[in-house]
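Inspection log for the structure reproduced underneath, given as structure tokens.
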Amino acid sequence: MLGLKLPTDPRWVNIVEKNIEEILTDHAFCEQKATSTAISLIVSFPEYTELVQEMVALVKEEISHFKMVHDIILKRGWTLGRDRRDDYVVQLIKFFPKGGSRTTQLVHRLLYAALIEARSCERFRLLSEELQDKELADFYRKLMVSEANHYTMFLGFARQYGNKKEVDTKWQQLLDFESKIMANLGKNETVHG
């Protein structure tokens, strides 16, 4: 369903389980960044009314996810750690050239967002199935569905606002590029790393 070309090695969950506090901190900041992305799309493309409406709803959902993760951190007696660079996203956003028309810029941003959500969904599925911590496994099962909906929403908007055939070609190229990035990741207790 997600179209990812390289699945996460299930042994990544073993790395996560050794430092649950780290994955939760990273996850909290991923939710905060997803909130920021939705706000940025509103600010950058206010003329796309349907997109704006969906991004407003997404802001509310993503910030509520941030709160849920933060609440788990606090419940376990920890505090939110510091944000760190997301090497996955830093590498991913180098794929499309900068510039182009506003529509091209929008489509590229929507494709990036779709792929980040798809990878998050895939990782959350793995956590829901493999984590020994049943509370967290259940938590990630619930979030997995939400991430899948976000992935399809962003991809749908890219196809709606761009040339569908061109968008589908770019999507496949981006998936190929992402698989090369993922070949070198999966060694850290981060959502994408």
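Computed from the coordinates by the stated procedures, all read-outs in this text should not be read as laboratory data. Computed from a predicted structure; not experimentally measured. When we count neighbours, we look across all protein chains shown, and the Cβ atoms used for this are built from the backbone with ideal geometry, even at glycine.
Here are a few things to note about the model shown:
- The range 39-62 and the range 113-186 have Cα centres lying 19 Å from one another.
- Sorting 12, 78 by the number of Cβ atoms found within 10 Å of their own Cβ, with the fewest placed first, yields 78, 12.
- Other residues whose C-beta falls under 9 angstrom from the C-beta of residue 32 contribute a net charge of -2, scoring Lys and Arg +1 and Asp and Glu -1.
- Sorting 9, 176 by the number of Cβ atoms found within 10 Å of their own Cβ, with the fewest placed first, yields 176, 9.
- For the chain, calculated [θ]222 nm from helices alone, where every DSSP H run of n ≥ 4 adds -39500 (n - 2.57): -25000 deg cm²/dmol
- Charges were assigned to the Cβ only: +1 to each Lys and Arg, -1 to each Asp and Glu. The resulting dipole of the range 47-193 about its Cα centre is roughly 340 debye.
- For the range 1-146, the normalised intensity computed at q = 0.17 Å⁻¹ comes to -1.06 (log10 of I(q)/I(0), Debye sum over alpha carbons, equal scatterers, no solvent).
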